[in-house]
1. With a 1.4 Å probe and every protein chain kept in, tell me what percent of the accessible surface of the protein assembly as shown is carbon plus sulfur.
2. Can you report the principal axis dimensions of the stretch A:1-67 using only the alpha carbons, biggest first, rounded to whole angstrom?
3. Hey, any idea what Rg/Rh is for chain A, computing Rh the Kirkwood way over Cα pairs?
4. If Lys and Arg each add +1 and Asp and Glu each add -1, what is the summed charge of the other residues whose beta carbon sits under 13 Å from the beta carbon of A:GLU88?
5. Expressed in nm to one decimal, what extension gain is obtained for the pair A:SER30 and A:SER80 from 0.36 nm per residue of sequence separation less their Cα-Cα distance?
6. Rounded if a/c is under 1.5, else prolate if a/b is larger than b/c, else oblate: which is the stretch B:6-117, with a ≥ b ≥ c the root eigenvalues of its Cα gyration tensor?
7. List the pair-distance distribution P(r) of the stretch B:42-96, using every Cα-Cα distance, as the percent of pairs falling in each 10 Å bin from 0 up to the bin containing the longest distance, rounded to whole percents.
8. If the limit is 24 Å between Cα atoms, which of A:LYS49/A:LYS103; A:LYS69/B:LYS105; A:LYS78/A:LYS108 go over it?
Amino acid sequence: AQSVTQLDSQVPVFEEAPVELRCNYSSSVSVYLFWYVQYPNQGLQLLLKYLSGSTLVKGINGFEAEFNKSQTSFHLRKPSVHISDTAEYFCAVSWNSGGSNYKLTFGKGTLLTVNP
Amino acid sequence: NAGVMQNPRHLVRRRGQEARLRCSPMKGHSHVYWYRQLPEEGLKFMVYLQKENIIDESGMPKERFSAEFPKEGPSILRIQQVVRGDSAAYFCASSPQGNGATNEKLFFGSGTQLSVL
């Protein structure tokens, strides 16, 4: 079965430090890749997505991610975090096969906590 | 333009009762998707509906769970005879077209937290 792995369940960092949240997925066939953020008591919000083209994708709030096909990874990075970035981050994949590209498979999430 | 609205935000049921979760998609969206997040798990796809049609229910448990999206009104996820294992956060998303995952206009609601006592 296709799966998405977020290697860190929690990542504590200090304000203004860089951060990388890791994501790997199980298959190298054609995929669409996403990062979502969930702030407390809110719905999921799309941070960025990779559909095709440049492997470096820039999203909102200064986040970016790089698609690495050979390593089946899509790690999320930010060079300098703010306290307001404290949230749960979800990596998600849609496999472009069988006409089911409406379906997302999510990782378990990474709780990013930014401390002053 | 209101976002995807889910209610209630929190729902408490005793074992054996029925749970009804509602999802009102964004205006102009006719495609609805339900996901379930069990404790310490990622969101898992349950069902995809268009108005009056179930397109894909491959993620729905075979018994006790049903979903509908009528011509008028919100989408309803119904769980009959709830058990403790049904305790989870249930998220709804909507999109204007069927390629929901790749469509940048896919939006999620804030979820309904179901607790079964």
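1. Numbers: 5300 of 11330 Å².
Result for the protein assembly as shown: 47 percent of the exposed heavy-atom area is carbon or sulfur.
2. 37, 26, 24
3. Working: Rg = 13.7 Å, Rh = 14.3 Å.
Here the Rg-to-Rh quotient is 0.96.
4. Net charge around A:GLU88: -3.
5. Values: separation 50, 0.36 × 50 = 18.00 nm, distance 3.16 nm.
So the chain would gain 14.8 nm between A:SER30 and A:SER80.
6. Values: a/c = 1.78, a/b = 1.62, b/c = 1.10.
Taking the square roots of the gyration eigenvalues as a ≥ b ≥ c, the stretch B:6-117 is prolate.
7. The calculated distribution, bin by bin, is 21, 57, 21, 1.
8. Working: A:LYS49/A:LYS103 14 Å; A:LYS69/B:LYS105 26 Å; A:LYS78/A:LYS108 20 Å.
In this structure, A:LYS69/B:LYS105 exceed 24 Å between Cα atoms.
The values are calculated or read from the model by the stated rules, or taken from the named source; none is laboratory data. Being a predicted model, the structure only gives us computed values, none of them experimental. Counting neighbours? That spans all protein chains shown, and the Cβs are built from the backbone with ideal geometry, glycine included. Just so you know, the surface numbers come from the protein's heavy atoms only, side chains and all, with ligands and any DNA or RNA stripped out. Shrake-Rupley method; radii C 1.70, N 1.55, O 1.52, S 1.80 Å.
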